[in-house]
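Data block below; observations after.
The values are calculated or read from the model by the stated rules, or taken from the named source; none is laboratory data. On a predicted model such as this, the values are computed, not experimentally measured, just so you know. When we count neighbours, we look across all protein chains shown, and the Cβ atoms used for this are built from the backbone with ideal geometry, even at glycine. Surface areas here come from the heavy atoms of the whole protein model, side chains and all, with no ligands, DNA or RNA. Shrake-Rupley method; radii C 1.70, N 1.55, O 1.52, S 1.80 Å.
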Amino acid sequence: GYPLLLRLLGTFRPAPAPVGDPPEWPMISITVRAYNEEAAIRRTIESLLQLPYPAERRQILIISDASTDRTDDIVREFAGQGIELLRMPVRGGKTAAENAAGAHLRGTIVVNTDATIKILPGALKALIRVFQDPTIGVASGRDLSVGDVTVEGNQGESGYVGYEMWLRSLETRMGSIVGASGCLYAIRRTLHETLFPEALSRDFACALIAKENGFRAVSVEDAVCLVPRTVSLKKEYSRKVRTMARGLDTLWYKRYLMNPFRHGYFAWALISHKLCRWLVFPAIPVGLVGLTLIAGHSNIGRGLLAMALAGLAVGVLGMRWPEGSPVPRILALFGCGLGVTVARREAWT
């Protein structure tokens with residue numbers, strides 16, 4: 001219902017006017033967090049150096065989170081091309097690395113990205129171009145999930161990422177998104193908090209910080225970055241658990257922004273997009289109880305219960321079955337088929 005309401009409300013909002021290049025490109029600082037990325041860091045640095053942006057107007061800072069492989073040595077090879085290395089003495093995580101980078105930033109706009117991300121050629125300028133609007137404090141890139149479908153067990157991530165990007169485009173039309181992409185986003189340096197709690201998620205919080213300071217956060221359609229999918233569903237599941245846990249902690253930290261009487265649309269969007277999605281799991285047992293009660297009196301209820309149980313079976317077995325096994329999909333098809341058959345029987349009678 002949330003995206004449909006956004007789509008409806010957005011029809012009454014004027015489309016944003018095209019934005020041209022600024023008279024002079026601002027000084028930017030590109031930060032890349034890396035931990036044991038010797039396999040990818042060289043390619044990432046070379047890709048950043050090739051991006052069409054004035055070299056004298058950009059700083060590239062690689063933050064090594066106490067890497068134990070050859071990551072630091074590879075970064076030092078590019079010192080002659082202006083690449084800077086900041087090594088953390090002990091591993092502290094993504095947010096700690098970003099906090100430490102604050103004292104070394106020289107740009108008026110900070111661009112945050114990851115070591116395994118590929119930024120497409122026109123994406124950087126597209127991201128920076130929107131800051132000509134003085135109301136914009138954060139600009140988020142558009143993720144494009146990519147991977148080798150012949151070896152990965154996580155193709156469904158593409159659909160999820162595509163849905164998320166579409167949702168952010170609708171929120172941008174309404175005025176502001178409620179969370180940026182951790183893979184690629186830009187923020188005014190004045191909004192970059194160097195003492196942000198290390199256990200929280202800065203990429204989510206940056207849109208909230210922008211709101212607190214009277215700015216908007218937007219998604220930039222042309223700022224495309226390629227995000228590799230994990231080849232393992234188990235690893236992706238673990239990553240999602242971490243994302244949800246940190247996200248809920250961050251939301252609690254900024255909970256006053258969910259007050260619709262003070263923050264109107266933004267509070268509604270924050271609750272709908274983030275809180276409702278992340279808190280689906282407590283509703284599952286309640287929903288099963290309700291379906292079980294309905295199933296005692298209705299074949300449609302029995303059909304829905306069969307679908308729900310099949311979905312749970314897919315979720316549980318999918319994390320434990322060998323990667324690439326067709327069994328979870330077969331269970332899903334069986335459960336849906338059973339549910340439809342029972343529901344059709346109710347319709348005929």
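Restricted to the stretch 220-267, and to residues there that are open to solvent by 80 Å² or more (accessible area, probe 1.4 Å) and under 23 Å from I187 (Cα atoms), the residue that is farthest from the chain's Cα centre (by Cα) is Y256.
Restricting G182, G162, G153 to residues that are modelled with pLDDT under 90 and more than 15 Å from the chain's Cα centre (by Cα) narrows the list to G153.
Here is a check on your reading of the model: is A39 of a type in the set (A, V, I, L, M), assigned to a loop (DSSP other than H, G, I, E, B) and open to solvent by 20 Å² or more (accessible area, probe 1.4 Å)? Judged against the criteria, A39 is a match.
Among the residues of the stretch 94-128, the ones that are under 17 Å from the mean Cα position of the chain (by Cα), assigned to a loop (DSSP other than H, G, I, E, B) and not small (G, A, S) come to 2 in all.
Residues are listed down the side, and each one gets a yes or a no for (1) free of Cβ contacts under 8 Å to residues at least 40 places away in the same chain; (2) buried (at least 17 other Cβ atoms within 10 Å of the Cβ); (3) assigned to a loop (DSSP other than H, G, I, E, B):
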{"residue": "L8", "(1), (2), (3)": "yes, no, no"}
{"residue": "A15", "(1), (2), (3)": "no, no, yes"}
{"residue": "E56", "(1), (2), (3)": "yes, no, no"}
{"residue": "A66", "(1), (2), (3)": "yes, no, yes"}
{"residue": "I74", "(1), (2), (3)": "yes, yes, no"}
{"residue": "G92", "(1), (2), (3)": "no, no, yes"}
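Annotation note: of V316, V286, the sole residue that is modelled with pLDDT of 60 or more, in a helix (DSSP H, G or I), over 28 Å from the mean Cα position of the chain (by Cα) and loosely packed, with under 14 Cβ neighbours inside 10 Å is V286.
Considering the stretch 268-282, and only residues there that are hydrophobic (A, V, I, L, M, F, W, C) and open to solvent by 60 Å² or more (accessible area, probe 1.4 Å), the residue that is farthest from A310 (Cα to Cα) turns out to be W268. I'd like to know if the stretch 202-219 contains one or more residues that are surrounded by fewer than 17 Cβ atoms within 10 Å (Cβ to Cβ), in contact (Cβ under 8 Å) with a residue 12 or more places away in the chain and under 14 Å from V110 (Cβ atoms). Checked against the condition, which is being surrounded by fewer than 17 Cβ atoms within 10 Å (Cβ to Cβ), in contact (Cβ under 8 Å) with a residue 12 or more places away in the chain and under 14 Å from V110 (Cβ atoms), the stretch 202-219 yields no hits at all. For the stretch 161-210, filtering for residues that are among the acidic types (D, E), part of a loop (DSSP other than H, G, I, E, B) and touching a strand residue (DSSP E or B) at 6+ places or on another chain (Cβ under 7 Å) leaves 0.
Contact map, the stretch 250-264: residues that are more than 19 Å from A180 (Cβ to Cβ) and in a helix (DSSP H, G or I) paired with residues that are of a type outside the set (D, E, K, R) and open to solvent by less than 50 Å² (accessible area, probe 1.4 Å), Cβ distance under 6 Å, separation 6+ or inter-chain. Pairs shown: P260/A267.
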